[in-house]
Structures are given as C-alpha cells and as structure tokens.
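The values are calculated or read from the model by the stated rules, or taken from the named source; none is laboratory data. Note that the coordinates shown come from a computational prediction; the quantities given were computed from them, not determined experimentally. Note that we place each Cβ from the backbone using ideal geometry, even for glycine, and neighbour counts take in every protein chain shown. Keep in mind that these areas ignore ligands, DNA and RNA; they rest on the heavy atoms of the full protein, side chains included. Shrake-Rupley method; radii C 1.70, N 1.55, O 1.52, S 1.80 Å.
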Amino acid sequence: MDFIALFCTGAVLAGGLYWFVWVLGPAEQKGKRAVDLSGGSISAEKVRDNYRQYWSFFRRPKEIETAEKVPDFVDTFYNLVTDIYEWGWGQSFHFSPSIPGKSHLEATRLHEEMAVDLIDVKPGDRILDVGCGVGGPMRAIAAHSRAKVVGITINEYQVKRARMHNKKAGLDSLCGVVCGNFLEMPFPDNSFDGAYSIEATCHAPKLEDVYAQVFRVIKPGSLFVSYEWVTTDKYRADDPEHVEVIQGIERGDALPGLRSYSDIAETAKMVGFEVVKEKDLAKSPAQPWWTRLKMGRIAYWRNHILVTVLAAIGIAPKGTVDVHDMLFKTADYLTRGGDSGIFSPMHMILLRKPVAPSES
C-alpha cells in the first residue's frame, strides 16, 4: 500500500512538473520553453558574474553618460534577459494599449501594424527596424505590408533568434537581420524607403545620435516613426516617489536615462527632421498598457518558482534567478509609472526627411 501511495504521489508530482513546464510553457505559446533558458551569448557559468557587472554600471553613474560604454552595457542586458522575455512575453519586446475584446497578442500586432501604416510604405519597399530584438514586430510588419524589412540589433544572440524565427515563419525572404550598433549603422546613405523604431531608442545615451543615423540612411521624403519611452508632463523631479519609480525603470531596463516627452521633437528637428505628428499613444482614450503586467502576477510567481527549481537542478544558469527577480521588480516600477501617469512607453513621433529643393 505504501508503495502504491508513493507511486501515485510521484506520478502526480511528475505530471504537475510536466504541466508546469511543457503544457503551461511560456506565457505566449510561440516563445521559448523554460527548460531552454540561457544567458544568450554568455556561457552558463558566467551569467551571475555578468549580472553583477550589469548592476555595477549603476553604481558608477558617470559612466552612463559615456556613450562608448553604453553599447556593451545594453548588449549584456539583452544576453541576460532575451530568453526570459521570449519565454514569458513572446517575440515582441514592447507594450501596447489594451483593446477590449482583443488578446495581448492581437493588441500587440495591431500596435506594430500601425507603425508601418504611419510611414506609408508599399510592397517591395525596403524599410529599417531600428532595434529589432528577436524580430516579432519585423515579422508582423513584413506580413502586413509586404515591405522588405531589415532589422538591426546590437546583440548577436538576438540576431540568431530572429533569423531562426524568420525562417520558421516563412518570412526570411522579406526579413533580414544585421548585428550592429544603431549609433553607427553599417548602411549606405539614402538606402531605405522608411524606418521605424518600437521602444528601442531609449537605450541610446543621446537620442540625437540615433536619430542622426536614421536621418542619414533613409531617402529624402521618406518617413520615420518611433515609439519612445518618456517621462510625461505629470512627472515631478522633486517628488521622491516619482524619482524612485523612474530610476527603477531605468535600472531594470538598461536605460542610460529616461527623457522628457518635451525633448523628443526638438531633438528630431535638431538633426534635420520635419515633425509630421506627435502623440502619446498611452493617453486616454487608450486603454492602460500596464494591465498586462498586473494580470500577470500569478504567472510571474509561477515562473519565478520554476526558474528557481530549474537553476537549482542545473538546467538553467544560476544567475537566471537573479535576472528574473530583477525583471519582476521592474514590472512593479513600470506598473506604478503607468498607474500614476508619469511614464509612457509609447510616445509616438512621426518624422519626415525633407526633400532638397533640387530633388523636388
């Protein structure tokens, strides 16, 4: 009888683990599996050390203003978080307003399609994805517009993931990925028919540097749209709680420093763009973008327990627990920023590169 009870208990535990890892799997069913979590291009035994190096960056705040140090810092961050993002969030590493009656995946896709609709491209046009990650937006935009999309990301591991996903989706003829720094793009002048960036330029130490590169590589008369992370008009630098929230977002998302919404258009004009339209897509009547974080609390705890178990038995790198804990805390700061209205991850700006008089 004891043997039968022990066998049944073992079977229940095994079945629970199977359900926990393989059936529940990722929050978005097309993401990674928990058993495949890694440190990106970082070897498993060095994940924890790299995590500590990442945090040491914030203990030397003057280095945040040193442009040449930031790319390595951002690259380290995405080695640490890419698998966890894909596992728990899916292939699109950004937010979108909630849409009644639509799933998070559907709302995300519509948010991405809007970006390419704004830049008015046609099938066969060659457009640039500035900070493409593992390519979720790229694939949605290519499928929607039939334009040829070239993405750039600084992280080699994300390049590999994006190319794999592109091929799996049957979109590798429309989607290409380049490993590079968007502050020094490896593309010729006037070589793209348009460009977009979805919550990526926030990683640039100086926004004018990445905007100048986009301005250089797109053709005269073409459009560039960016969804920017900003502090809003409700943010008060003399409010300790506001400062805590914004600094928490910066530390947990590899940001050299969040910008004010009021700086975006001026920066764009400084490098030569014409401002066509500017709007915070997070403002009413848009539904809250942060509900996805609130509704995911049970999933976060479930995932954290799972990561802890996988790290303890040697399947996931030891430092994965630290990284997941960091992202869990960052989700709280993002939620507080959204609830209070002091932060927006989707301040949209639509820009045009002017046509020279001789070209018009």
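Only one of these is of a type in the set (Gly, Ala, Ser) and within 15 Å of the chain's Cα centre (by Cα): Ser191, Ser145, Ser197, Ser173. Name it.
So the residue among Ser191, Ser145, Ser197, Ser173 that is of a type in the set (Gly, Ala, Ser) and within 15 Å of the chain's Cα centre (by Cα) is Ser197.
Quick check, is Ile198 touching a Pro at 6+ places or on another chain (Cβ under 7 Å), under 16 Å from Glu113 (Cβ atoms) and either outside the structural domain of Phe93 (by the TED database) or open to solvent by less than 20 Å² (accessible area, probe 1.4 Å) (or both)?
Taking the combined requirement at face value, the residue satisfies it.
Mind checking which residues of region 203-228 are under 16 Å from Ile246 (Cβ atoms) and either open to solvent by less than 10 Å² (accessible area, probe 1.4 Å) or of a type in the set (Asp, Glu) (or both)?
Of everything in region 203-228, just one residue is under 16 Å from Ile246 (Cβ atoms) and either open to solvent by less than 10 Å² (accessible area, probe 1.4 Å) or of a type in the set (Asp, Glu) (or both), namely Glu228.
Every residue in region 49-90 that is more than 21 Å from the chain's Cα centre (by Cα) and modelled with pLDDT of 90 or more, please.
Within region 49-90, Asp49 is the sole residue that qualifies.
Just to be sure, is Phe58 in the same structural domain as Asp322 (by the TED database), open to solvent by less than 10 Å² (accessible area, probe 1.4 Å) and under 22 Å from Gly248 (Cα atoms)?
No.
Considering each of Glu184, Glu106 in turn, give the residue that is surrounded by fewer than 19 Cβ atoms within 10 Å (Cβ to Cβ) and assigned to a helix (DSSP H, G or I).
Criteria check complete, one pass: Glu106.
Enumerate the pairs (first residue in region 207-220 and closer than 16 Å to Cys132 by Cβ; second residue anywhere and assigned to a helix (DSSP H, G or I)) with beta-carbon separation below 9 Å, excluding pairs fewer than 6 apart on the same chain, so at least 6 apart or on different chains.
Listed pairs, sorted by first residue: Val210/Thr201; Val210/His203; Val214/Thr201.
Would you say Phe328 is surrounded by fewer than 21 Cβ atoms within 10 Å (Cβ to Cβ) and aromatic (Phe, Trp, Tyr)?
yes
Does any residue in region 83-104 that is under 15 Å from Pro137 (Cβ atoms) come within less than 7 Å, Cβ to Cβ, of a residue that is of a type in the set (S, T, N, Q) and surrounded by 20 or more Cβ atoms within 10 Å (Cβ to Cβ) six or more places away or on a different chain, and which pairs are these?
Pairs that qualify, where the first residue is under 15 Å from Pro137 (Cβ atoms) and the partner is of a type in the set (S, T, N, Q) and surrounded by 20 or more Cβ atoms within 10 Å (Cβ to Cβ), are Ser92/Thr108; Ser96/Thr108.
Does Ile246 count as open to solvent by less than 30 Å² (accessible area, probe 1.4 Å) and either under 22 Å from Val81 (Cα atoms) or assigned by the TED database to the domain that holds Ser103 (or both)?
yes
Determine whether region 111-120 contains at least one residue that is modelled with pLDDT of 95 or more and out of contact with any strand residue (DSSP E or B) (no Cβ under 9 Å at 6 or more places or on another chain).
Yes, because at least one residue in region 111-120 is modelled with pLDDT of 95 or more and out of contact with any strand residue (DSSP E or B) (no Cβ under 9 Å at 6 or more places or on another chain).
Arg161 passes all but one of (1) closer than 28 Å to Arg336 by Cβ; (2) touching a residue at least 24 places away in the same chain (Cβ under 8 Å); (3) open to solvent by less than 60 Å² (accessible area, probe 1.4 Å); which number fails?
(1)
Evaluate the following for Ala268: is it without any contact (Cβ under 8 Å) to a residue 24 or more places away in the chain and over 17 Å from the mean Cα position of the chain (by Cα)?
No: the conditions fail for Ala268.
So, in region 237-283, how many residues would count as being farther than 30 Å from Ala356 by Cα and of a type outside the set (Asp, Glu)?
Here the count works out to 21.
Which is crowded, with 19+ Cβ neighbours inside 10 Å and in contact with a helix residue (DSSP H, G or I) (Cβ under 8 Å, 6 or more places away or on another chain), of Gly272, Gly319?
Residue meeting the stated conditions: Gly319.
Out of all the residues in region 77-92, is one or more over 24 Å from Phe192 (Cα atoms), open to solvent by less than 50 Å² (accessible area, probe 1.4 Å) and part of a loop (DSSP other than H, G, I, E, B)?
Among the residues of region 77-92, at least one is over 24 Å from Phe192 (Cα atoms), open to solvent by less than 50 Å² (accessible area, probe 1.4 Å) and part of a loop (DSSP other than H, G, I, E, B), which makes the answer yes.
Taking the condition of being closer than 23 Å to Ala204 by Cα and open to solvent by less than 40 Å² (accessible area, probe 1.4 Å), how many residues in region 93-103 meet it?
Qualifying residue count, region 93-103: 3.
Is at least one residue of region 229-242 crowded, with 16+ Cβ neighbours inside 10 Å and modelled with pLDDT under 95?
Among the residues of region 229-242, not one is crowded, with 16+ Cβ neighbours inside 10 Å and modelled with pLDDT under 95, which makes the answer no.
Inspect region 126-145 for any residue being in a helix (DSSP H, G or I), open to solvent by 20 Å² or more (accessible area, probe 1.4 Å) and not small (Gly, Ala, Ser) and give the result as yes or no.
Checking region 126-145: at least one residue is in a helix (DSSP H, G or I), open to solvent by 20 Å² or more (accessible area, probe 1.4 Å) and not small (Gly, Ala, Ser).
I'd like the full set of residues that are in a helix (DSSP H, G or I), more than 18 Å from the chain's Cα centre (by Cα) and touching a residue at least 24 places away in the same chain (Cβ under 8 Å), limited to region 302-354.
Those that are in a helix (DSSP H, G or I), more than 18 Å from the chain's Cα centre (by Cα) and touching a residue at least 24 places away in the same chain (Cβ under 8 Å): Arg302, Asn303, His304, Leu306, Val307, Leu310, Thr320, Asp322, Arg336, Asp339, Ser340.
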